[in-house]
């Protein structure tokens, strides 16, 4: 199992380009199930989640081939409708195949999805939306079994206790493109990834209006065609590397920066003393910015919200940043109230954090000290790496396979900017060592067995 060894205290400077958006690419990949024509997606990195979605689609009868800076997909066998647990459990976005497969193949069997473990995230809104379009839904043995002769347009409300559902909106919108008649989705997700999906579906022949607003209107068509599409830059990766520049008091230029997708984050950066200045580029979703910061950062108050509010996927990274700001910051998580698995690990590094329910008070101004920490999910992993960049001494971040789900070779990107991050592998203990380790299992998370050349 890989881990990072980080030498903290190095100021980042230089230039890097933001990779394509994983959270946009996964539902875009699933659109190949809506047509028998080729779908080519470019600006995609070979992330773990992208590879897993490719494996899943291959099992669904899709011919999956590499393309220049991306992937080519073509549905070949429409009789294969079972998305098995073995693949689906690796990521929550696997549920995106449900709507497209049901719409074109009339039947879909999809195992309940997995993904990062930071709270209960039911798929009932997905199912309720598809049922409104005429699907028959059964739950059997951990599988969602959906069937319909042809979906029929209707009005669907997708609001939930923590706001609208992004993947649910993607699923129902995709399914509605081939439904008979008009579908209206109320309380639709407004995230840029939904706009991206709607724009691509329209280019394939769909008729979708209102993308980016809470009300989508979809007039069904009989068929969709193929497409060659360039995926939007990843706003969460962009925000993460902006924090990396700020937390090291660096000077970093970011190309393909999706400025318009990060307005709430940029506003909080301003409050903290981080400057994100547009350098060039007419497209506000693909411009070049320079990220610098004031020497003494200030506190802020953050509440995560559905887009265009502050994104939950940047909450952990921003918490690492305000740990080194002067004064008390308050962070409230309104999307996933249990998404605080990084708190205990940041405290191991000297952060002064006080949690009460869905709110964490950060007493800033204390030095972060390198320590062994354990990554628990994708964005929590990123926050620990960022903290390690700013910490005094050496930080060991274990289980960085979480990072590989959403960041392409993060250590190489950071090292190119002046960081010192090594990716190493744990040494597998011998049988005798394993027996000793099992008796002292309580220490294993903090002190894994490292390779002999580790310090």
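Computing FRET efficiency as 1/(1 + (r/R0)^6) for residue 203 and residue 251, where r is the C-beta to C-beta distance and R0 is 41 Å, gives about 0.60. Here the contact order of the range 22-230, divided by its residue count and restricted to Cα pairs under 8 Å and six or more residues apart, works out to 20 percent. Angle between the Cα long axis of helix 263-272 and the longest principal axis of the chain, 0 to 90 degrees, nearest 10? Value to nearest ten degrees: 10.
Once Rg and the Kirkwood radius are both taken over the C-alpha atoms of the range 22-230, their ratio Rg/Rh works out to 0.92.
Distance between the C-alpha centres of the range 280-305 and the range 152-190: 32 Å, rounded to the whole angstrom. Entry note: the chain has Rg to Rh equal to 0.98, where both radii use alpha-carbon atoms and Rh is the Kirkwood radius. Angle of helix 166-176 to the longest C-alpha principal axis of the chain, folded into 0 to 90 degrees and rounded to 10: 20°.
For the pair residue 107 and residue 344, the difference between a 0.36 nm per residue extended length and the Cα-Cα distance amounts to 80.9 nm. Here, P(r) means the percent of Cα pairs in each 10 Å bin from 0 to the largest distance; for the range 141-288 it is 10, 31, 28, 19, 9, 2.
Based on C-alpha pairs under 8 angstrom that are at least 6 apart in sequence, the range 42-144 has a relative contact order of 21 percent.
Given in Å, the Rg to one decimal and the Dmax to the nearest whole number for the Cα atoms of the range 271-392 are 14.7, 44. Helix 192-203 and the longest principal axis of the C-alpha atoms of the chain enclose an angle of approximately 30°.
When only Cα pairs under 8 Å and 6 or more residues apart are kept, what is the percent relative contact order across the chain? Write down the numbers at each step before the final one.
Numbers: 1113 pairs, mean separation 86.9, N = 455.
For the chain, the relative contact order is 19 percent.
The numbers here are math on the coordinates, done by the rules we state, and not lab data. This structure is a prediction, so every number in the text was calculated from the model and none was measured. Neighbour counts run over all protein chains shown; Cβ positions are idealised from the backbone, glycine included.
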